[in-house]
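Read the structure below first, then the notes.
We did not get these values from a lab; they are worked out from the coordinates using the rules stated. The structure presented is a predicted model; accordingly, all values stated were derived computationally and were not measured. Neighbour counts run over all protein chains shown; Cβ positions are idealised from the backbone, glycine included.
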Amino acid sequence: MENLPEILLTLGLLILLQAVLGFDNLLYISLESKRAPEKDQSRVRKWGIAIAVGLRIVLLFALVKMIASFQSTWFTFPESWGAVAAGSFNLHSIVVLLGGGFIIYTAMKEIFHMLAVDDLGEEGVKRKTSSSKSVIAKIVLMNLVFSFDSILSAIALTSVDGKISTTGLWIMMLAVLTGGALMIWLADRVSEFLQRNRMYEVLGLFILFVVGIMLLSEGGHLAGLSFFGHEIHAMSKATFYFVIAVLVFTEIVQSRYKKKLLKRKQTAQV
């Protein structure tokens, strides 16, 4: 980590990692911010990300200094449960499992909310408004859940013989700050896109649902969870992005097919 080309290459990889892993986080922020009063939504997104980036830096230092504590076992299922369930939980696995469960709950709640006919209006689905502070708190909390993977991956990329140099720590901090700045810049644009194209809001919720499943599978894998002798395996990033690609492709085909049917129906009426 001493020569400039290696430092720049590592920094570029970390920024790319922050951008890729930040996609699902940005989607959650865009959807969750709609619960805030309309005039405060842009401010809520930016403050939520900014506070979360600050806490992410704190989390970075905490993980570097106390990574053994985060990976140490907190509790294990009793051996008598072995035939039904087995697992050994640490703080990392617990945070990822809780985050995945919360995201699935949020996505499903929004999906069922959209199906409520009484809640449909001319401007789309009317959500129950929450205070700006509560929305910011949720955004910060979920941002920290998403941070675990990106920070642990960054530590793996910058560590040498299991140790983090001062240069490596500064590179990680710069990557986190750059990723946060990109998220602040993109947050309003993603929200505006979903606002203009409400059909993609449903797609976004199902992508969020898949994110929750991915986090649950990862948390289960970290905890070594198994049920009735069947071990939980983490969903790979390749599988995750393949599923997302299929969902997007399906939505595009369905949208174009609906437009074609509508055009044919209008032509027949004329």
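Worth pointing out:
- For residue 178 and residue 109, the difference between the fully extended length at 0.36 nm per residue and the C-alpha to C-alpha distance is 21.6 nm.
- Less than 5 angstrom separates the built amide H of residue 90 from those of 74, all sequence-distant by 5 or more or on a different chain.
- In sequence order, calculated HN-Hα J values of region 211-222 (Karplus, 6.51, -1.76, 1.60; Hz; x Gly/Pro): 4, x, 4, 4, 5, 4, 5, 5, x, x, 5, 4
- Amide H contacts under 5 Å for residue 36, placed H, 5+ residues apart: 130
- Pairs from the table (109/258; 34/109; 34/138; 46/138; 34/259) lying more than 19 angstrom apart at Cα are 109/258; 34/259.
- Label-to-label distance, residue 230 versus residue 80, with points set 7 angstrom from Cα along the beta-carbon direction: 2.6 nm.
- Spin-label pair residue 221/residue 72, simplified geometry with 7 Å Cα→Cβ offset, distance in nm: 2.6
- Computed from the C-beta positions of residue 197 and residue 169, the FRET efficiency with R₀ = 51 Å rounds to 0.80.
- Sites residue 90 and residue 265, calculated FRET efficiency, Cβ-Cβ separation with R0 51 Å, nearest 0.05: 0.35
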